[in-house]
Amino acid sequence: RDLFLDLAAFDAWVERWRALGPDADRMDRVNPVYIPRNHLVEEALAAATANDLDPLLRLLDAVTSPYEERPGLGRYAAAAPRDFGAYRTFCGT
């Protein structure tokens, strides 16, 4: 909640969303735990440029079974660290 500038708008949205009775188990079945987040892709690319494929292989392992939560892969489910900053990507990259 504290990530949003307009707290009143966010609170109104949450109230409407909760009124719909979301099914957390159903959402877990259709939303992957692990996705190739930008900061992890950048990390893997930088390492590969330096001839270190280990970060890429770990990322690929995580996203190969994205719906199956597995121990030791928490960083592949977490948001980017705050110090990652704004990120811009382009179609085709």
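The values are calculated or read from the model by the stated rules, or taken from the named source; none is laboratory data. Since this is a predicted model, take the numbers as computed values, not measurements. Don't worry about glycine lacking a Cβ; one is built from the backbone with ideal geometry, like all the others, and counts go over all protein chains shown. These accessible areas exclude ligands, DNA and RNA; they are computed on the full protein's heavy atoms, side chains included. Shrake-Rupley method; radii C 1.70, N 1.55, O 1.52, S 1.80 Å.
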Quiz item: Pairs under 7 Å by beta carbon, first residue over 29 Å from Glu68 (Cα atoms) in segment 1-27, partner part of a loop (DSSP other than H, G, I, E, B) and open to solvent by 100 Å² or more (accessible area, probe 1.4 Å), six or more apart or different chains?
Solution: Leu7/Arg1; Phe10/Arg1; Phe10/Phe4
Quiz item: What are the residue pairs meeting all of these: first residue in segment 68-83, first residue farther than 14 Å from Asn38 by Cβ, second residue not charged (D, E, K, R), Cβ atoms under 7 Å, and 6 or more apart or on different chains?
Solution: Glu69/Val33; Leu73/Tyr34; Leu73/Ala62; Ala77/Val33; Ala77/Tyr34
Exercise. Filter segment 64-93 down to residues that are over 15 Å from Leu40 (Cβ atoms) and of a type in the set (S, T, N, Q) and give me whichever is modelled with the lowest pLDDT.
Key: Thr93
Practice problem: Kindly indicate the residue of segment 49-93 that is of a type in the set (Phe, Trp, Tyr) and part of a loop (DSSP other than H, G, I, E, B) and also least open to solvent (accessible area, probe 1.4 Å) among those meeting that condition. | Solution: Tyr87
Quiz item: If you take the residues in segment 1-32 that are under 16 Å from the mean Cα position of the chain (by Cα) and closer than 23 Å to Arg88 by Cα, which one is surrounded by the fewest Cβ atoms within 10 Å (Cβ to Cβ)?
Solution: Leu3
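Okay, residues lined up against (1) at pLDDT 95 or above; (2) in contact with a helix residue (DSSP H, G or I) (Cβ under 7 Å, 6 or more places away or on another chain); (3) under 21 Å from Ala86 (Cβ atoms):
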residue: Asp23; (1), (2), (3): no, no, no
residue: Met27; (1), (2), (3): no, no, no
residue: Arg37; (1), (2), (3): no, no, yes
residue: Glu43; (1), (2), (3): no, yes, yes
residue: Ala48; (1), (2), (3): yes, yes, no
Quiz item: Could you list, in sequence order, the residues of segment 57-67 that are of a type in the set (A, V, I, L, M) and over 12 Å from Arg37 (Cα atoms)?
Solution: Leu57
